[in-house]
Structure formats: structure tokens, C-alpha cells
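K.L.:
Let me give you the structure first, and then I'll get to my questions.
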Amino acid sequence: MSRRAARGQKLPPREVEYLNSMPKGALIYRVAMLFDAGWSLDSIGESFVRRRPRSTVRSWVLRAKDNWDDDACLLFADAPIPEPKLKTAENGYQKVRPESPGIKSDVMEQIHYLAPLARTYRSRMSSTSAAAVANERLTNLCKKLHANNVPIKELAEAAGVTYRAMYKRIML
């Protein structure tokens, strides 16, 4: 199972005091234990008197794991590791948006046919021109697909345009 992090939480004051009083050799083992318990690199780094960046704390964790010594860990791990209050469920984050149903092949052919014509459309063109009609049909088709949970990214790839161009077509 992957490691669950306690994002946005600060270490308890007793642990902060304990970390700041430890010698450097023992410190990296304690930091690695805190990280394995679920504390974020940022919350560990902020607990020091002179704040340490996440990259420094991460290098300490990696160094401790490379040189893991059970005897040293037992010597320096006399204080219990505080457990963070995890906000996410055991099974992790749930997706907000449901899975894409995909684009059917006949609809994909329509998009491939309409997209090049719709790209040539300009606002001053007649509403009956081929480009204007293709633009309107492509917009309606994409809006309908997006309403049926097809993501904008998938629609943009099908039409051969950027994500932003498809977003403007659907949302505006």
C-alpha cells in the first residue's frame, strides 16, 4: 500500500522540541521515521528553528533509508512517533468526475470531418457558409459529448486542437 500523507498538519510541539534537540546523526533517522509515519516533508521542515526546505528533508529521508541501521534507530527512537490525523479514507482519494465513456467511431469521423472546416470560420462570415455551419455543428456535438462526461482533453485530441481552444468552444 502507498504511504498516506498528513497534508497541512503541523508536528506536535513536543515532537518539534525533540527534533530541535537531537544531534544531526540521529536526526535523519528520526525524520525518516516521521516521514514513514505519514508526516509531510513540508511539516517536518517547518518544525526546525531554521526552517528546512522540502528538498533537504527529502535528502535526509533518502540518506537514512540508504544507511538504515536498526541499532541506531533503537537508540534514537526512544520517544514515540506521533500519528497524524489523516483526512483521506484508507482506499485513498475518490475521483470527482466519472470515467469517460469515450467517443464512438462514427462520432469521431464526424469530428475529424468538421474540425478542419470549423477552423476556417471567422466571425464576419455568413451564417450559411460551410465553415459557419461546420463550426456550429462541431460546437453542438462537443457540448453534447462533454455533457455525457467526455473530458475536454479527449475532445481536443479528437479535433486536433489545443485543450484551451476546446475549452473555449464548449464553455463560452
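K.L.:
In the range 124-168, which residue that is of a type in the set (A, V, I, L, M), crowded, with 18+ Cβ neighbours inside 10 Å and free of Cβ contacts under 8 Å to residues at least 24 places away in the same chain is farthest from Val96 (Cα to Cα)?
P.N.:
Across the range 124-168, the extreme among qualifying residues is Ala132.
K.L.:
Can you list the helices (runs of 4 or more DSSP H) found entirely within the range 32-95 that contain at least 3 residues being under 13 Å from Leu11 (Cβ atoms) and at pLDDT 80 or above?
P.N.:
Counting at least 3 such residues, we get 41-46.
K.L.:
Any idea which residue in the range 39-71 is surrounded by the fewest Cβ atoms within 10 Å (Cβ to Cβ), counting only those that are closer than 19 Å to Pro23 by Cβ and among the aliphatic types (A, V, I, L, M)?
P.N.:
Filtering the range 39-71 for residues that are closer than 19 Å to Pro23 by Cβ and among the aliphatic types (A, V, I, L, M), the one surrounded by the fewest Cβ atoms within 10 Å (Cβ to Cβ) comes out as Val49.
K.L.:
Every residue in the range 15-24 that is exposed (fewer than 15 other Cβ atoms within 10 Å of the Cβ) and touching a residue at least 24 places away in the same chain (Cβ under 8 Å), please. Explain how you work it out, then say what you get.
P.N.:
First, the residues of the range 15-24 that are exposed (fewer than 15 other Cβ atoms within 10 Å of the Cβ): 17, 20-21, 23-24.
Across the range 15-24, the qualifying residue is only Asn20.
The values are calculated or read from the model by the stated rules, or taken from the named source; none is laboratory data. None of these values were measured; they are calculated from a predicted model. For neighbour counting, all protein chains shown are included, and Cβ atoms are generated from backbone atoms with ideal geometry for every residue, glycine included.
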